[in-house]
Every structure is written in C-alpha cells, then in structure tokens.
Amino acid sequence: MTDDHGRTAMHYACMGSRAAVLTRLLTEPRLHCARDRDIYGFTPLMYAAMKRGSTRVIRTMIADVYQGRPTCDLYFYLCNIDDLERP
C-alpha cells in the first residue's frame, strides 16, 4: 500500500528515524518493501541516509541484511543497481 507519492510505511519509518517501527515492518513479509521506490526514485534506506540522526534506522536495515533476508539487500540499495546479479 502506498500514498500519493508512492511511499510506503517503511519510507515513513526511515524518514522519521523510527527504528522500532522499522524493526516491526521488517519482520512482516507482506509489509517488507525495502526496495520499493517512491515516485521520486528513493528507497526507504535512501531517505534514512539523507536524514541526520538516523543511525539506528540504518543499523536496523544492515542487521536485517545480516539475518539473511533476501528482500533486504544492502548491496543493491547502496549501489542503486537493480539489473545485476548478486555478488
């Protein structure tokens, strides 16, 4: 589910530096939309990276990667490459 800007709850959790909310969203497969881009082309992690004080949110995303969730791939977030295979 998205708003008029194509943003999901995960976008807003990252924009608002809400690590606890993000943790909950990452545990729900139906809400796990970390790679979704809004109409401006930004993923939730991109918003977190632009916001000061969002260290906990970024760490939460990284921790999700290390737990082996294939839908949360930090390599693709940071490199912004969607058409390459995983290394």
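Read-outs: derived from the displayed coordinates by stated rules, not from any lab. From a predicted model like this one, the values you see are computed outputs, not experimental measurements. With ideal geometry, Cβ positions are generated from the backbone for all residues, glycine too; neighbour counts draw on all protein chains shown.
Can you give the FRET efficiency for Met1 and Thr27, using 1/(1 + (r/R0)^6), R0 = 22 Å, r = Cβ-Cβ distance, to the nearest 0.05?
Given R0 = 22 Å and the Cβ-Cβ separation, E is 0.80.
The label-point distance for Arg37 and Arg56, in a model that sets each label 7 Å from Cα toward Cβ, rounds to 3.0 nm.
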